[in-house]
Amino acid sequence: MRGVDKIFMPLAGVPVIARALSAFQACGYIDEIIIVTSEDSLLPMWDVCREYGIAKATKILPGGQTRTRSVYNGLKAAPPEAEYAAVHDGARPLVTPELIARVTVRAYDGVAAVPVVALRDTVKKLDGELVESTVDRDALAAVQTPQVFKLPLIRDALARAVSGGRELTDESSALEGTGVRILTVAGSYDNLKITVPEDLYMAEALLCGRR
C-alpha cells in the first residue's frame with residue numbers, strides 16, 4: 001500500500017486507526033494511550049482522537065526511522081508510575097477490548113504476554129525458488145499485537161536493541177534469548193493486520209460478520 005497512509009484509510013466509514021484506538025479506549029485495563037506516528041500525521045491524529053472520543057490519548061509523538069525506535073520513543077514517554085505497557089500495531093483495527101484484557105491479565109502472571117494463532121497453511125522452507133523441506137507447523141505460531149510487558153523490562157530491552165542497531169519486527173523479539181518467559185494467549189484470526197489492499201476488503205467482511 002505504497003503512497004498512502006493505511007492507518008487513515010476508511011474501514012466501513014471509520015479510519016483504520018480510529019477503530020484500533022477505540023478498542024483501547026473501551027478496555028478497562030488501559031489507563032493512558034500514547035500514540036507514535038509520523039511527523040506529517042501528528043495533527044491529523046489529534047483530529048481523529050477528538051472526533052472519535054479517544055479521551056485516554058494523552059500524547060502523540062513523532063516516531064523514529066524504524067519501528068523499534070518508534071516504540072522506544074513511546075515507552076520513554078510513559079508516566080513513571082506505569083508498571084505495564086501494551087504495544088499495538090495501529091494497522092490492526094479489529095482488535096477487541098476483550099483480547100486486550102486477556103493479554104494484559106496473562107502478562108500479570110509473569111512479565112510478558114503475546115497473542116498467537118496457529119498457522120493454517122502448510123509451511124515450506126525454500127532454497128531460492130526451490131522447495132527444500134516441509135516445516136513442522138505444530139511448533140510454530142503467528143504472533144499478533146497487543147503485546148504486554150512490564151514497562152521497565154521492555155523499555156530496557158528496546159534501548160539495547162536501538163543502541164545495537166537491531167531492527168525488530170515485534171517487541172517480544174527483544175526479550176528472546178534473555179531468559180525471560182514470554183507467555184502466550186489465544187489470539188484471533190479476526191485481528192488481522194492491514195498490509196495489502198485486499199486486507200481492507202477482508203476486514204470489512206469481518207465487520208459485517210460481527211454486526
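The values are calculated or read from the model by the stated rules, or taken from the named source; none is laboratory data. Given the structure is predicted, the values throughout are model-derived calculations rather than measurements. Neighbour counts are summed over all protein chains in view; Cβ atoms, including those assigned to glycine, are modelled from backbone coordinates with ideal geometry.
Quick test of your reading of the structure: residue 161 fulfils all but one of (1) free of Cβ contacts under 8 Å to residues at least 24 places away in the same chain; (2) crowded, with 17+ Cβ neighbours inside 10 Å; (3) not hydroxyl-bearing (Ser, Thr, Tyr). Name the failing condition by number. So residue 161 meets the others, but not (1).
Among the residues in the range 135-145, are any modelled with pLDDT under 95 and of a type in the set (Ser, Thr, Tyr)? There is no residue in the range 135-145 that is modelled with pLDDT under 95 and of a type in the set (Ser, Thr, Tyr). If the condition is being acidic (Asp, Glu) and either buried (at least 23 other Cβ atoms within 10 Å of the Cβ) or out of contact with any strand residue (DSSP E or B) (no Cβ under 9 Å at 6 or more places or on another chain) (or both), then the range 80-117 contributes 81, 89, 98. Please give the number of the condition residue 68 fails out of (1) farther than 17 Å from residue 153 by Cβ; (2) among the polar types (S, T, N, Q); (3) within 15 Å of the chain's Cα centre (by Cα). If we test residue 68 against (1) farther than 17 Å from residue 153 by Cβ; (2) among the polar types (S, T, N, Q); (3) within 15 Å of the chain's Cα centre (by Cα), just (1) comes out false. One residue stands out in the range 175-199 among those that are outside any loop (DSSP other than H, G, I, E, B) and touching a residue at least 40 places away in the same chain (Cβ under 8 Å): the one that is surrounded by the most Cβ atoms within 10 Å (Cβ to Cβ), namely 175. So, residue 91, is that one assigned to a loop (DSSP other than H, G, I, E, B), touching a residue at least 12 places away in the same chain (Cβ under 8 Å) and over 23 Å from residue 203 (Cβ atoms) or not? Judged against the criteria, residue 91 is not a match. Can you name the residue in the range 9-46 that is surrounded by 17 or more Cβ atoms within 10 Å (Cβ to Cβ) and of a type in the set (Phe, Trp, Tyr) and is also nearest to residue 70 (Cα to Cα) among such residues? Out of the qualifying residues, it is 24.
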